[in-house]
Amino acid sequence: MLREILQILKDVGFDELIVERLQEVKKEKLRRLEEINQEIHRCVKCELHKGRNKAVLGEGNPFSNIMFIGEAPGEEEDLQGRPFVGKAGQLLTQAIERAGSRREEVYIANINKCRPPENRQPTIQEQEACLPFLERQIEIVNPKVLCLLGATAYRGILKTQPKITQERGKVLDFRGRTVFITYHPAYVLRNPTEKETFFRDIKMAIELAI
Ligand code: URA
C-alpha cells in the first residue's frame, strides 16, 4: 500500500525528497522491528521459551493507524512464526475484510511472543516479562488505535483484570492513544452468537483509526 501511495505522490509531482524521506522512515521502522524479532528469538526471560518452535513478533503495515493485540501464539502461530493464522486468526482476518480493510493494511501483535503450553493463558509474570517488546512495537508503529482482543490483551495494557463481556465496545483514552475493547476471536468461535457483534466491533475499531 505504501508503494502505491508513494507512486501516486510522485505522479502528482510531490517533492521527491519527501517521498525519499518516507521510504527512509519505512526502512528504519522495519529495521527496528527486525531488531526486536532477533531479540525475541533469543529471549529466555520466562519459562515459555522452553516450549517454543518460533517466537511470534507480529506482522503488518509498520505505518498502520491500528494495532490489534491478542494474547499469545497458538499451535499454528508457533509453527509458522506469524500471528493469528489458526482458526481464531481466520475469523479475525474475515472481520478485518468485512470492515473493508486487509490484514496487510493493519498491524497484528500479541502480549506474549511464545506459545504457552496447551494454549493456557500466560501468567501475569510471563505477560510482564514479555511486555517491553510490545511496548517497543507500539512506539515504532505508533498507531492511533490499539484494539484489545480479549482479557489478556486488556490486562497487559490496562493492568486491571476485566470482565470482558462488560468492557467490550468501550473506547478509552490511554497515553494519547485510543483503546478499543472487544472479544478475543477464540471466544467468538466458542460463542458464535457473538459473531456479528465482533464483526461490528472490528469495523468500529478500524473506523476510529481513520
Ligand atoms: N491467539 C492469539 O491471541 N494470538 C495469536 O496470534 C493466535 C491466537
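The values are calculated or read from the model by the stated rules, or taken from the named source; none is laboratory data. Note that the structure is a prediction, hence the values are computed from the model and not measured. Heads up, the Cβs are rebuilt from the backbone with ideal geometry, glycines too, and the neighbour counts pull from every protein chain shown.
Taking the criterion of being under 13 Å from the mean Cα position of the chain (by Cα), more than 7 Å from the ligand (Cβ to nearest atom) and more than 20 Å from Leu189 (Cα to Cα), the residues of segment 51-81 that qualify are Leu57, Gly58, Glu59, Gly60, Asn61, Pro62, Phe63, Ser64, Asn65, Ile66, Met67. Among residues of segment 131-146 that are more than 21 Å from Tyr183 (Cβ to Cβ), those with a Cβ under 7 angstrom from a residue that is surrounded by 18 or more Cβ atoms within 10 Å (Cβ to Cβ) and of a type in the set (Gly, Ala, Ser), sequence gap 6+ or separate chain, pair up as Leu131/Gly156; Gln137/Gly58; Gln137/Ala109; Val141/Ser64; Lys144/Ala209.
Taking the conditions (1) modelled with pLDDT of 95 or more; (2) buried (at least 16 other Cβ atoms within 10 Å of the Cβ) in turn, Pro162 satisfies each one other than (1). Taking segment 102-186 as the region of interest, the helices (runs of 4 or more DSSP H) fully inside it that hold 1 or more residues being within 15 Å of the chain's Cα centre (by Cα), more than 15 Å from the ligand (Cβ to nearest atom) and among the hydrophobic types (A, V, I, L, M, F, W, C) are 124-141. Sub-7 Å Cβ pairs linking a first residue in segment 160-181 that is closer than 18 Å to Met67 by Cα to a second residue that is at pLDDT 95 or above and acidic (Asp, Glu), at least 6 apart or interchain, are Arg168/Asp201; Gly169/Asp201; Ile181/Glu167, ordered by first then second residue. All told, Ile210 falls short of being crowded, with 16+ Cβ neighbours inside 10 Å, among the β-branched types (Val, Ile, Thr) and modelled with pLDDT of 95 or more.
Restricting the first member to segment 68-85 and to residues that are touching a residue at least 24 places away in the same chain (Cβ under 8 Å), and the second to residues that are among the polar types (S, T, N, Q) and near the ligand (Cβ under 6 Å from one of its atoms), the beta-carbon pairs closer than 7 Å and six or more apart or on different chains are Ile69/Asn110; Gly70/Asn110; Glu71/Asn110; Ala72/Asn110; Pro73/Asn110; Pro83/Asn110. Considering Leu57, Leu33, the condition of being touching a Lys or Arg at 6+ places or on another chain (Cβ under 7 Å) and touching a residue at least 40 places away in the same chain (Cβ under 8 Å) is satisfied by Leu57 alone.
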